[in-house]
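Chemist: Encoded as structure tokens, here's the structure I'll be asking about.
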Amino acid sequence: MIPRLARSLFAVLLSAAVPALQAQPPAPPAPTAAAAPVKPEDELVSLKIPDADIDTVLSTLELYTGKIILRPAALPTATYNLKIERKIPKSEAIIYLQTILSLNQIGVAPLGENALKVVGLTVTRTEAPEMITGSAFDQPASGKVATKIFQLDFMRVQEFAAMVQTMLNPNLQGLVQLQNANAAIITDSVSNLQRIELLLRELDRPTGGMKPKYYTLKSAKASDLVGKIRTIITGPLQLQLGTATTFSADDRTNQIIVVTDPRQWVFFDELIGKLDGKSDPNTRNEVIYLKHAEATKVSTLLTQLIQGQTAAAQRVNAQSIRPGQVGPTPAAPVAPVPPVAPVVPAALANVPNVDSLLGSGSNEFSSLVTIIPDERSNAVVVSGTVDDLRLIGALIEKLDTILAQVRLEVVIAEVTLDDNSTTGIGALGLKLDGDKLIGFSGSAVGAGLSITSGTITRPSATNNVSGPWDLAGELAISATPRKNSTNILSSPSITTTHNKEAVFFFGETRPVISGTTSTPTTGGTTTGFSTQSNINQQEIGTTITVKPLIGIDGTVQLDIKQDISDVTGTVQIDNNTQYIIGKRKTNSYVTARSGQILVLAGYQKNKDSHNTSRLGPIPIIGDLLGGRTTAKNRVELVIFLRPVVLKNSAADNDEAMKRIETLDQKELVKQRLDPTYVPKKPTLLQKVLN
């Protein structure tokens, strides 16, 4: 039925075009001018090949085209008779030769610019025939085989293929459907391609025109419903509706505007009517308890994510979007992502058919979602749709994880410098690589120790992380010979988490008068003033602030801030003695592996020392038995820092438990740590010693 209609329409168009061409008046003669040079393709030639074979025809074609003819050994045999009494242009003779070859099942395909390939007509479409990029009418009608892409705007490629199938040369079988692009690639003679193009001009039009239709929603929100429709209308269904069909949401009036062929209104009436139905309440409430993360920080992060996604969705919905198209079309196809199993919140565990509810959910947050933190219970209260709860539950599951932890061991040593030592590092005989400790001068032989990449190795132990010695003990053993001028002031150890500051302080607090207030007093005949001072306690000493950033490979990046203050003198202010406090601050950023020892030094000051004999304070006798000496020395603070990355397992407590074994009250400590622990009975020798 369709092919007969196509042939009838083509005949009517052709019959209407011929009289119009005949009715045109002859063109006026061109004005006389100088004779222009004749182009090679316009050169007049004679075309007479009576009773010729295929070789004669191909030789003539090679002569007129000036191109090399490549042919297979066997071609269909036939006798060619072509006699034209008048001379014709060479380009016209080439068209006649290619047409008569096509009539005898022989095709011609170009091979570059200087050769032609002659093959059987049935395989011509596989030999890269000429591709027509513009209109087929740009070339003269002939039997030359060519290829053209026909892009359809309104018709379906399936309808188009069924319509033109009978018009094509059956020997070529040159129709290829591109359903995703709604286009067709056709390989046929130029004459047939012109007929198909003329037919497509008349038939590829909207039937009745594109008209808008407005759907006012009663229950659903317009933008949410458009999102669901967009997920439904994809693939083959989108091709059936046509690329000209568009729909968009107007949240102000809660309407959906559909612009499409009126024949498709019935489809959208039923689809939107079913989706815009009454349903259970859209929102649900869920309390999600956190195990490791802070509720306030998690709530702030999720709120920012939802606000950013909502703003992006509003910008996209402001434009007219075709079904299945969101934003710019990607340049290359993206491999499909395997589906991820949805995380069902605890409140939805007993909801019937929860799998069916979550399985086809959206990956976008709705405008109804609300997130509030509860600091008291460290929980996040979420209100939203089922999809909102599913998405937020999946995000919280990934965020609520244990952060990596690190134990920071610090040793603060005071080194007295003599005239031969300029720095504390040199006085202690330390070997450094940058800020990292790599050895001691002479210590490896004297104590049987060695340092490899900042890790101290004992003769009977593997490394300093799991051994019984703390950092201060290892440094004391390694300093061979012992340094009488070295005094370890403090050796604290603290555990912190990733990106959480740890603060070490060693020093004292001293009272500092921050202000005084004088008020008049009246007592009898005496008038005076009472003075009241405001006193604050000021910390004076060494403060070390360390913020670790723990990498997945076990390295630790340390942001170290050092603040050292001491009293350098006093001054009288309003009859009050005030301290002169000297301050020194540094900020460094270093990277170390777990177990490496970092050395921070360079803080020097002058220190007065007074020495007397034990009887020195007693007059006369002290002078006889020993004199008094006063000296000024230079001292330097040397700070050793060792980060140890913890594994969040029982093995992290091995070092602490080994230290407990050295205590006199170890049995009591173990019993307090583990109520089920049974202390060992003391031996008779232990009872006697106690």
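Chemist: Rounded to the nearest 0.05, what FRET efficiency do ASN587 and GLN264 give with R0 = 45 Å and r taken as the Cβ-Cβ distance? Could you check? Don't jump to the answer; show the numbers that get you there.
Modeler: Working: r = 68 Å, r/R0 = 1.52.
Using R0 = 45 Å, I get an efficiency of 0.05.
Chemist: Describe numerically, in nm with one decimal, the distance between label points set 7 Å from Cα along Cα→Cβ at THR300 and at ILE535.
Modeler: 4.0
Chemist: So, one more: Based on alpha-carbon centroids, what's the gap between the range 372-416 and the range 242-280 in Å, whole number please?
Modeler: 44
Chemist: Let me ask something additional. Whose amide H sits under 5 Å from the amide H of LEU417, counting only residues 5 or more places off or on another chain, with H placed in the peptide plane?
Modeler: Residues meeting the criterion, in which the H sits 1.01 Å from N, are ARG634, VAL635, GLU636.
Chemist: If R₀ is 51 angstrom, what is the calculated FRET efficiency for the pair LYS278 and ARG376, using the beta carbon separation as r and rounding to 0.05? Spell out each step's value before the answer.
Modeler: Values: r = 38 Å, r/R0 = 0.75.
So, using R0 = 51 Å, E works out to roughly 0.85.
Chemist: Let me ask something else. Check cross-link reach from LYS87 to the lysines: straight Cα distance under 23 Å, and skip same-chain residues fewer than eight apart.
Modeler: Answer for LYS87, where 23 Å is the Cα cut-off: LYS39, LYS48, LYS67, LYS144, listed by chain and number.
Chemist: What list of ³J(HN,Hα) couplings, whole Hz, do you get for the range 215-228 from phi and the Karplus terms 6.51, -1.76, 1.60, once you set θ to phi - 60° and write x for glycine and proline?
Modeler: Calculated HN-Hα couplings, in order: 10, 8, 8, 9, 10, 7, 8, 4, 5, 5, 5, 5, x, 5 Hz.
Chemist: Additional query: Order ARG315, ARG71 by their accessible area, 1.4 angstrom probe, all chains in place, largest first. Present the calculation step by step, with values, prior to reporting the outcome.
Modeler: Numbers: ARG315 155, ARG71 95 Å².
Largest to smallest exposure gives the sequence ARG315, ARG71.
Chemist: Still on this structure, I have one more. Evaluated at 37 °C with a viscosity of 0.692 mPa s, what Stokes-Einstein diffusion coefficient in µm²/s does the range 186-255 have when Rh comes from the Kirkwood expression over alpha-carbon pairs? Write out the running numbers ahead of the final one.
Modeler: Values: Rh = 15.4 Å.
It diffuses with D of about 213 µm²/s by this estimate.
Chemist: Describe numerically, in nm with one decimal, the distance between label points set 7 Å from Cα along Cα→Cβ at ALA311 and at THR423.
Modeler: 5.0
Chemist: Scan around LYS221 for amide H atoms under 5 Å from its own, H built in the peptide plane at 1.01 Å from N, and keep only partners 5 or more places away or cross-chain.
Modeler: none
Chemist: Could you check the spin-label model distance between ASP250 and SER91? Points 7 Å from the Cα along Cα→Cβ, value in nm.
Modeler: 5.5
Chemist: Give, in nm to one decimal, the length gained when the segment between LYS228 and LEU432 is fully stretched (0.36 nm per residue of separation minus the Cα-Cα distance). Please report the intermediate quantities before stating the final value.
Modeler: On the way: separation 204, 0.36 × 204 = 73.44 nm, distance 6.49 nm.
Net length gain for the segment: 66.9 nm.
Chemist: Along the range 48-58, what does the Karplus equation 6.51 cos²θ - 1.76 cosθ + 1.60 (θ = phi - 60°) give for ³J(HN,Hα), rounded to whole Hz, x for Gly and Pro?
Modeler: Once θ is set to phi - 60°, the couplings for the range 48-58 become 9, 9, x, 6, 9, 9, 5, 5, 5, 5, 5 Hz.
Chemist: Taking H placed 1.01 Å from N in the peptide plane, check which residues at least 5 places from LEU111 or on another chain put their amide H under 5 Å from its amide H.
Modeler: Long-range HN contacts for LEU111: LEU116, LYS117.
Chemist: Compute the length gained on full extension between THR77 and ILE573: take 0.36 nm times their separation in residues and subtract their Cα-Cα distance, giving the result in nm to one decimal.
Modeler: Working: separation 496, 0.36 × 496 = 178.56 nm, distance 12.48 nm.
Computed gain between THR77 and ILE573 is 166.1 nm.
Chemist: Below 28 Å, Cα to Cα, which lysines can LYS647 reach? Residues fewer than 8 away in the same chain don't count.
Modeler: The qualifying lysines are LYS291, LYS297, LYS398, LYS436, LYS500, LYS547, LYS561, LYS658, LYS666, LYS670.
Chemist: If you count, for each residue, the other Cβ atoms within 10 Å and average over each peptide, how do 409-418, 575-584 line up from highest to lowest? Display every interim value, and only then the final one.
Modeler: Details: 409-418: 19.7, 575-584: 12.1.
Highest to lowest by the protection proxy: 409-418, 575-584.
The values are calculated or read from the model by the stated rules, or taken from the named source; none is laboratory data. Predicted model only: the values in this text are computed from it and were never measured. Every residue, glycine among them, receives a Cβ derived from its backbone with ideal geometry; neighbour counts consider all protein chains shown. What goes into the accessible areas is simple: the full protein's heavy atoms, side chains included, and nothing from ligands, DNA or RNA. Shrake-Rupley method; radii C 1.70, N 1.55, O 1.52, S 1.80 Å.
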